[in-house]
Amino acid sequence: MSNRFDFLIIEEMVELRSKVLDIGCDDGSLLKMLQDKKKVDVRGIELYSDRVNLCLEKGLPVVQGDANFDLEMYPDNSFDYVILSKTLQSVNRPRDILEQLLRIGKKAIVSIPNFGHWKVRLYLALNGQMPMTPSLPAKWYNTENIHLCTINDFLSLCDEINIKIIKSVALDKNGAQLNFANRIRSVNLIGEQAIFLLKKNND
Amino acid sequence: MTKIVKHATKDFNLASGKSISPLEIAYETYGKLNKDKTNAILICHALTGDQYASATNPITKKPGWWDILVGKGKPIDTDKYFIICSNVLGGCMGTTGPKSQNLITNEPYGLNFPVITISDMVKSQVLLLDHLEIPKVLTVIGGSMGGMQVLSWMSEYPDRIKSAIPIATAAYHTSQNIAFHEVGRQAVMADPEWHDGKYFEHNTSPEKGLSVARMTAHITYLSEIALQNKFGRNLQDRAKKTFSFDADFQVESYLRYQGVNFVKRFDANSYLFLTRAMDYFDLISENDGILANAFNNLNASVCVISFTGDWLFPSIESKKIVHALNSKGVDVSFIDIESNKGHDAFLMDEPAMFKTIRGFLEAQYVK
């Protein structure tokens, strides 16, 4: 988790002693961190059984499941936060998943790799090929990232489905925070990833 | 050495409204109970299992049915935990069952044994824990019918368990599974040596019928691919087909062997009663159609395990349990282990399952 700068941002967003579901929790590093540092009541979903076992060894309650199909089993508002870190781009229906997150959780935390980053744009412009960068290293035909988007795309989707963005943080490649407030265009150009704290607009 | 505990009070009341007296429970223990009594693990055995989970089974002289998992340094480590495994109520390995003596008639119960339920089995295990003065077990674990008992513990005695591991099981017996059991029972009853369950009076037993029951059941415990890989269409000790009904094929020979060996160690009436108990199991209907309500008072951590190649207790049934636990906010984990071994995977060398159980148990123990 050396380069998971987003974990630190997520940790800041989560309130003490809250209840959190991490979708695509991998080896449980984030959940463990939230449990230790924020006394959070944690739950996880992970697709691969070997990673579920890594979570169980850490004493974390994790259910093997697929974000595409298994979110329906959670009741409405059963968590304070539902976290989807760098997974939205690999689900079948990102829009439906976003809506599920805010059905299950009172708030959601979503982090995305930014496909609007200048290196990505330049790669496509110069090479005329699907971009490959250190954070997006796979070829177009074998990437799990089937729904990549830019920070701008994400903002418009939230607007479209009436999701309120409470907080947004973009990070450059060194993990430094970028000022989001009034400089969306440049953030979308130099932000390598972004983390959003979301809630339903009508709450 | 199997120990027997005798239920001292007069009647052991059953779900059916009937009762048994006396009740004897045969059990084995492995390892040592620690001072704080925080390291006890209760293992619930499956349909044809027994109390000999670990070490050598003194009757068959073979390793205990879960010796691969339970023992020194193994995932259920006898150096670390105190392990209890009792023969189920209705069984035939020392716990009161249809072959036990009915004190009223002074002969074995046979079909006069009352129909028992999974819940009755668990109730008898509670008496055993009371006898051993263990207020709360670290975990209760079991596969198949053992998993049903685990679910029953979670539902009925949530305060007596710190955690639970139901494996390859379901919250109710499906129609198909009841159907398979009925075939097995009819095979037993169709054997003229069954004598309406009074074979003991005739110094015989329905070995043919029970053997057929076991052969059918055994197929359901495996998988098409496991059978194909193991036997294919290979012939048994012969170069060509004999144009007869001999066991030409290896798979036939194997099944006959399974059947013949089974009848040596199992009582036919026990088989009837235990399959019936599984058929009757239904935590959904017992909770007004909502499985989640079975777990209203559950505060334990639960680790549900299923196997992808299990078509008798398919993963979807485990997912229903996970779903119900989730909706009650229970601390639940779930793993669907990739395996083509069929239902019996839980009894076999499945390193991923070992890892899951070891990891989960260690985390529960330090918690």
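Within the range A:173-202, how many residues turn out to be of a type in the set (A, V, I, L, M) and not in a strand (DSSP E or B)? Lay out the reasoning, then the answer.
We begin by selecting, within the range A:173-202, every residue of a type in the set (A, V, I, L, M); these are A:176, A:178, A:181, A:184, A:187, A:189-190, A:194-195, A:197-198.
In the following step, the residues that additionally are not in a strand (DSSP E or B) were identified as A:176, A:181, A:184, A:187, A:189-190.
Qualifying residue count, the range A:173-202: 6.
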What do you reckon, is B:ALA247 at pLDDT 95 or above and among the hydrophobic types (A, V, I, L, M, F, W, C)? no
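Scan the range B:106-135 for residues that are polar (S, T, N, Q) and surrounded by 16 or more Cβ atoms within 10 Å (Cβ to Cβ) and jot them down. Reasoning before the result, please.
Residues of the range B:106-135 that are polar (S, T, N, Q), as a first pass: B:106, B:112, B:117, B:119, B:124-125.
The answer is B:THR117, B:SER119, B:SER124, B:GLN125.
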Taking the range B:21-58 and keeping residues under 21 Å from B:PHE360 (Cα atoms), among the hydrophobic types (A, V, I, L, M, F, W, C) and assigned to a loop (DSSP other than H, G, I, E, B) leaves B:LEU33, B:ALA53
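Restricting the search to the range B:208-228, which residues are farther than 28 Å from B:ARG185 by Cβ and in contact (Cβ under 8 Å) with a residue 60 or more places away in the chain?
Start the filter on the range B:208-228 by keeping residues that are farther than 28 Å from B:ARG185 by Cβ, which leaves B:225, B:228.
Of everything in the range B:208-228, just one residue is farther than 28 Å from B:ARG185 by Cβ and in contact (Cβ under 8 Å) with a residue 60 or more places away in the chain, namely B:ILE225.
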Note on B:GLY289: of the conditions (1) farther than 28 Å from B:ILE357 by Cβ; (2) buried (at least 18 other Cβ atoms within 10 Å of the Cβ), unmet is (2)
In the range A:66-81, which residue that is closer than 20 Å to B:ILE305 by Cα and at the interface with another protein chain (Cβ under 7 Å from one of its Cβ atoms) is farthest from the chain's Cα centre (by Cα)? A:MET73
Residue check, A:GLY44 against (1) more than 13 Å from chain B (Cβ to nearest Cβ); (2) modelled with pLDDT of 95 or more, all met but one. Which one? (1)
The range B:197-207: number of residues that are polar (S, T, N, Q) and touching a residue at least 24 places away in the same chain (Cβ under 8 Å): 1
Scan the range A:169-181 and tell me whether some residue there is in contact (Cβ under 8 Å) with a residue 24 or more places away in the chain, of a type in the set (Phe, Trp, Tyr) and under 15 Å from A:ILE195 (Cα atoms). no
Just for the range B:292-305: of the residues that are touching a Ser or Thr at 6+ places or on another chain (Cβ under 8 Å), under 13 Å from B:HIS323 (Cα atoms) and within 14 Å of chain A (Cβ to nearest Cβ), which one is surrounded by the fewest Cβ atoms within 10 Å (Cβ to Cβ)? B:ALA292
Which one of these does A:LYS106 not meet: (1) modelled with pLDDT of 95 or more; (2) within 14 Å of chain B (Cβ to nearest Cβ)? (2)
Tell me yes or no: at least one residue of the range A:68-77 is buried (at least 23 other Cβ atoms within 10 Å of the Cβ) and closer than 30 Å to A:MET132 by Cβ. no
Restricting to the range B:61-92, what's the tally of residues that are in contact with a strand residue (DSSP E or B) (Cβ under 6 Å, 6 or more places away or on another chain) and assigned to a loop (DSSP other than H, G, I, E, B)? 4
Per the list (1) modelled with pLDDT of 95 or more; (2) surrounded by fewer than 23 Cβ atoms within 10 Å (Cβ to Cβ), residue check on B:VAL366 breaks on (1)
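Look at B:VAL140 and say whether it is surrounded by 23 or more Cβ atoms within 10 Å (Cβ to Cβ), within 19 Å of the chain's Cα centre (by Cα) and within 19 Å of B:ILE41 (Cβ to Cβ). Show your work before the answer.
Details: surrounded by 23 or more Cβ atoms within 10 Å (Cβ to Cβ): yes; within 19 Å of the chain's Cα centre (by Cα): yes; within 19 Å of B:ILE41 (Cβ to Cβ): yes.
It is true that B:VAL140 is surrounded by 23 or more Cβ atoms within 10 Å (Cβ to Cβ), within 19 Å of the chain's Cα centre (by Cα) and within 19 Å of B:ILE41 (Cβ to Cβ).
Take A:CYS158 and tell me if it is touching a Pro at 6+ places or on another chain (Cβ under 9 Å) and surrounded by 11 or more Cβ atoms within 10 Å (Cβ to Cβ). If you could, list the steps in order and put the result at the bottom.
Working: touching a Pro at 6+ places or on another chain (Cβ under 9 Å): no; surrounded by 11 or more Cβ atoms within 10 Å (Cβ to Cβ): yes.
Judged against the criteria, A:CYS158 is not a match.
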If A:GLY59 passes every condition in (1) in a loop (DSSP other than H, G, I, E, B); (2) of a type outside the set (Lys, Arg); (3) more than 14 Å from chain B (Cβ to nearest Cβ) but one, which one does it miss? (3)
When A:HIS117 is run through (1) away from chain B (no Cβ under 14 Å); (2) more than 14 Å from the chain's Cα centre (by Cα); (3) surrounded by fewer than 23 Cβ atoms within 10 Å (Cβ to Cβ), the failure sits at (3)
Tell me whether the range A:123-144 contains one or more residues that are modelled with pLDDT of 95 or more, on the phi > 0 side of the Ramachandran plot and not in a helix (DSSP H, G or I). yes
Name the residue that is farthest from B:ILE43 (Cα to Cα), counting only residues in the range B:318-357 that are charged (D, E, K, R) and more than 8 Å from chain A (Cβ to nearest Cβ). B:LYS328
Scanning the range A:161-172 residue by residue, those among the charged types (D, E, K, R) and either crowded, with 18+ Cβ neighbours inside 10 Å or in a loop (DSSP other than H, G, I, E, B) (or both) turn out to be A:ASP172
For the range B:298-313, state whether one or more residues are outside the structural domain of B:GLY197 (by TED's automatic domain parsing), in a loop (DSSP other than H, G, I, E, B), at pLDDT below 95 and more than 19 Å from B:ILE178 (Cα to Cα). no
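Determine if the range A:87-101 includes at least one residue that is more than 13 Å from the chain's Cα centre (by Cα), in a loop (DSSP other than H, G, I, E, B) and at the interface with chain B (Cβ under 10 Å from one of its Cβ atoms). Working first, answer last.
Our first condition is that a residue be more than 13 Å from the chain's Cα centre (by Cα); within the range A:87-101, this holds for A:92-93, A:95-96, A:99-100.
With the extra rule that they be in a loop (DSSP other than H, G, I, E, B), the set shrinks to A:92-93.
After this cut, where a residue has to be at the interface with chain B (Cβ under 10 Å from one of its Cβ atoms) as well, the list is none.
Within the range A:87-101, not a single residue is more than 13 Å from the chain's Cα centre (by Cα), in a loop (DSSP other than H, G, I, E, B) and at the interface with chain B (Cβ under 10 Å from one of its Cβ atoms).
Each row is one residue, and each column tells you yes or no for (1) in a strand (DSSP E or B); (2) surrounded by fewer than 20 Cβ atoms within 10 Å (Cβ to Cβ); (3) touching a residue at least 40 places away in the same chain (Cβ under 8 Å).
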residue: B:ILE104; (1), (2), (3): no, yes, no
residue: B:GLN149; (1), (2), (3): no, no, yes
residue: B:ASP159; (1), (2), (3): no, yes, yes
residue: B:ILE165; (1), (2), (3): yes, no, yes
residue: B:ASN177; (1), (2), (3): no, yes, yes
residue: B:VAL183; (1), (2), (3): no, yes, no
residue: B:GLN186; (1), (2), (3): no, yes, no
residue: B:HIS195; (1), (2), (3): no, yes, no
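The values are calculated or read from the model by the stated rules, or taken from the named source; none is laboratory data. What you see is a predicted model; the values in this text were computed from it and never measured. We place every Cβ from the backbone using ideal geometry, glycine too, and count neighbours over all the protein chains shown.
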